[in-house]
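Undergrad: I am attaching a structure below and will ask some questions about it afterwards.
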Amino acid sequence: MAIPENKLAFEGGWQYSPAPESIDHINLKTKYDLYIGGEFVAPESGRYFDTVNPATEECIAKVADANEADVDKAVKAARKAYNGAWSKMKAAERGKYIFRIARIMQERAREFAAIESLDGGKPIRESRDIDIPLAAAHFFYYAGWADKLEYAFPGRKVKPLGVAGQVIPWNFPLLMASWKIAPALACGNTVVLKPAETTPLTAMKLAEAIADAGLPPGVVNIVTGAGQTGAAIVTHPGVQKVAFTGSTKVGRIIQKALAGTNKKYTLELGGKAANIVFADAAIDQAVEGIVNGIFFNQGHVCCAGSRLLVQESVADEVVQKLKDRMDTLIVGDPLDKNTDIGAINSPMQLEKIESYLEIGQQEGGVMHQSSCALPDKGYWCRPTIFTGVSQSNRVVQEEIFGPVLAIQTFRTLDEAVSKANNTPYGLSGGIWTDKGAKIFKMTQKIRAGVIWANTFNKFDPTSPFGGYKESGFGREGGLHGLDAYLNLEA
Ligand code: NAI
Ligand code: MG
């Protein structure tokens, strides 16, 4: 294949002057307590753990490690607020508090974005342009529903559930907190939320924003800690609703723990989505979509397009263009506005990704990585693709949660459908074609909760999100997301 004209400019990688986001304006404490009953309180055990910047391996702050006694305190505070101020308040007033949180978030957006990138490793461009604006948008959207719930479910009586226990992951820390807290509050519930142990800081900043918004004490409680803290929330008898986003492995543990209880729950788990590129697609646009689908946020995305199914007649062209594009991607400092791929969230996650790079090669896959330079310190992974893989390969079947794409080809639409559906997951998918009819045919046949056509990884608070099969159940977002936080009576 001839070298594209613009390829010459790529040799040795793009050269940009550093453009780091300033962090002078951010306000971080060296130690964070638990946010319970409207106050910041020390953990019962007196124990704190480090949260680390994955790009430098330095500790950013100490964070409280909540045990069962702390969780119990938080659940009791939430129950007290539920029985008291929150349920006595008019729905329109409740809405005003949620609007207030949204506005504070917008006012502090730059600070939130920088902290998200520091604590979690995602590029500032993403935390600034995607995570934080979307998080605020969820509060704005659900604030509007607070006094209109009976219009959402005509003919039904709507009632809040009580205390919602919410456990979230590290890939979209503030956004996941907002997905969970905003609808819970709009429906009149109170909340105990636990952020992931590697990314607790924006949740603690959110606690400050909630305090500044003047919410009645105990309406939102935020406790930090690892799996045991999460388990204490899930199994606490004072919790009426559990919302979890994370691994399928923990999702199974939670489902077992909740079997036989009358807690309502939603699980949003892993994925192994395919981007499906037909020969009639706009190829350059599809290549951008594939890059966005898997390299966005280091592939730490449950709905990532971690597989590519490309029609045989254009496979060589697509793979070559993808490799050329991968060579232009900059891996490095998450705070630099030029960075495309930031730091892998933790050494554990890097180890998991690297083990899949081994597995993929042992299974006979051909691995190709870009040749960009990597920083000396921190946790990094170059964008990677595997060709020559088959459907039974582990890199095709299992969630890697890193910037690793498995590529297969297909000849017919039916073959594409059967390959796309042949994994344990069903969270999302992408279709690239010039033909509207093909889009409709495919969306009916692909077993996934979200399907994008000629685009990928687009989110909006008004549209529901959730999975089929081992990707979990229940829907978050949109009108459907209200259902998960209400009892609907005839
Ligand atoms: P994880 O599922 O262990 O962590 C998610 C959250 O659950 C964290 O807040 C954690 O503290 C909490 N947790 C852990 N054990 C718990 C338990 N027994 N009861 C209640 N809460 C518990 O995910 P982890 O270990 O951080 O990542 C492992 C893999 O999971 C990733 O490589 C990725 O494949 C997948 N994952 C999927 C996510 C998604 O958005 N669907 C998000 C994060 C991870
Ligand atoms: Mg961290």
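Taken together, the values in this text are just the output of simple stated rules run on the coordinates, not laboratory data. Predicted model, so just to flag it, every value in this text is computed and none were measured. Neighbour counts run over all protein chains shown; Cβ positions are idealised from the backbone, glycine included.
Undergrad: Distance between Cα centroids, region 194-241 to region 302-369: provide it in whole Å.
TA: After rounding, the separation between the Cα centres reads 34 Å.
Undergrad: If you wrap a convex hull around the alpha carbons of region 137-266, what volume per residue comes out, as a whole number of Å³?
TA: 114
Undergrad: First measure r as the distance between the Cβ atoms of LEU479 and THR412, then evaluate 1/(1 + (r/R0)^6) with R0 = 35 Å and state the FRET efficiency to the nearest 0.05. Working shown, then result.
TA: Working: r = 37 Å, r/R0 = 1.06.
About 0.40, to the nearest 0.05.
Undergrad: What do you get for GluC sites (Glu not before Pro) in region 149-227 restricted to DSSP loop and a cutoff of at most 15 other Cβ within 10 Å of the site's Cβ? Intermediate results must be reported in sequence, preceding the final value.
TA: Values: sites: GLU150, GLU197, GLU208; in loops: GLU197.
Listed in order of number, the matching sites amount to none.
Undergrad: What do you get for chymotrypsin sites (Phe, Trp or Tyr not before Pro) in region 9-83 restricted to DSSP loop and a cutoff of at most 16 other Cβ within 10 Å of the site's Cβ?
TA: Details: sites: PHE10, TRP14, TYR16, TYR32, TYR35, PHE40, TYR48, PHE49, TYR82; in loops: TRP14, TYR16.
Taking region 9-83 and a limit of 16 other Cβ atoms within 10 Å, the loop chymotrypsin sites (Phe, Trp or Tyr not before Pro) found are TRP14, TYR16.
Undergrad: Would you mind getting me the FRET efficiency between ARG252 and SER17? Use the beta-carbon distance for r and R0 = 60 Å, nearest 0.05.
TA: Numbers: r = 48 Å, r/R0 = 0.80.
That gives a FRET efficiency of 0.80.
Undergrad: For region 309-417, which GluC sites (Glu not before Pro) are both in a DSSP coil and crowded by at most 12 other Cβ atoms within 10 Å?
TA: Passing sites in region 309-417 do not exist.
Undergrad: With 22 Å as the limit, write out which pairs from LYS29/LYS180; LYS96/LYS264; LYS80/LYS256; LYS180/LYS263; LYS96/LYS180 have Cα-Cα distances beyond it, or answer none. Could the numbers behind the result be given before it?
TA: On the way: LYS29/LYS180 25 Å; LYS96/LYS264 27 Å; LYS80/LYS256 28 Å; LYS180/LYS263 16 Å; LYS96/LYS180 18 Å.
With Cα atoms farther than 22 Å apart: LYS29/LYS180; LYS96/LYS264; LYS80/LYS256.
Undergrad: Between ARG47 and SER390, how many nm apart are label points set 7 Å from Cα along the C-beta direction?
TA: Here the modelled spin labels are 4.8 nm apart.
Undergrad: Further question: To the nearest 0.05, what FRET efficiency results for ALA437 and LEU488 with a Förster distance of 35 Å applied to their C-beta separation? If you can, show how the numbers build up before the last one.
TA: On the way: r = 37 Å, r/R0 = 1.06.
It comes out at approximately 0.40.
Undergrad: Let me ask something else. For each of SER17, SER471, SER127, SER346, count neighbouring Cβ atoms within 10 Å of the residue's Cβ, then give the residues from fewest to most.
TA: Lowest count first: SER17, SER346, SER471, SER127.
Undergrad: Moving on. Which whole-number percent is the relative contact order of region 274-461 (Cα, under 8 Å, 6+ apart)? Intermediate results must be reported in sequence, preceding the final value.
TA: Numbers: 347 pairs, mean separation 54.9, N = 188.
Reported relative contact order: 29 percent.
Undergrad: Right, something else. Give me the percent relative contact order of the chain, please, defined on Cα pairs under 8 angstrom at least 6 residues apart. Walk me through the intermediate numbers first.
TA: Values: 1108 pairs, mean separation 87.4, N = 490.
The value is 18 percent.
Undergrad: Which order do GLU288, GLU57 fall in if you start with the one that has the fewest other Cβ atoms within 10 Å? Numbers along the way, then the final one.
TA: Working: GLU288 16, GLU57 12.
By the 10 Å Cβ count, ascending: GLU57, GLU288.
Undergrad: Please report, in whole Å, how far the alpha carbons of region 274-461 spread along each principal axis, starting with the longest.
TA: Cα extents, longest axis first: 49, 35, 33 Å.
Undergrad: Ok, one more. How about LYS122: which lysines have a C-alpha closer than 19 Å to its C-alpha, ignoring those fewer than 8 places off in the same chain?
TA: Correct list for LYS122: LYS205, LYS337, LYS352, LYS377, LYS458.
Undergrad: Now for a separate question. Using θ = phi - 60° and the Karplus relation 6.51 cos²θ - 1.76 cosθ + 1.60, list the HN-Hα couplings for region 403-411 in order, rounded to whole Hz, with x at every Gly or Pro.
TA: Karplus values, whole Hz, x for Gly and Pro: x, 10, 10, 9, 10, 10, 10, 8, 10.
Undergrad: If each residue's Cβ is checked for other Cβ atoms within 10 Å, how do SER87, SER371, SER178 rank with the fewest at the top? List each step's numbers first, then the result.
TA: Working: SER87 15, SER371 10, SER178 28.
Listed from fewest to most nearby Cβ atoms, that is SER371, SER87, SER178.
Undergrad: I'd like the Kirkwood hydrodynamic radius of the chain, using the inverse of the mean 1/r over distinct C-alpha pairs, in Å. Working shown, then result.
TA: Values: mean 1/r = 0.0433 Å⁻¹.
Evaluated over the chain, this radius sits at 23.1 Å.
Undergrad: Calculate for the chain the 222 nm mean residue ellipticity that helices alone would give, adding -39,500 (n - 2.57) per DSSP H run of length 4 or more and normalising by residue count, nearest 500 deg cm²/dmol. Write out the running numbers ahead of the final one.
TA: Numbers: 16 runs with 178 residues, N = 490.
It lands at -11000 deg cm²/dmol.
Undergrad: Hey, another quick one. Starting from the amide H of ASN454, placed 1.01 Å from N in the peptide plane, find each other amide H under 5 Å away whose residue is 5 or more places distant or on another chain.
TA: ILE431, TRP432, THR433
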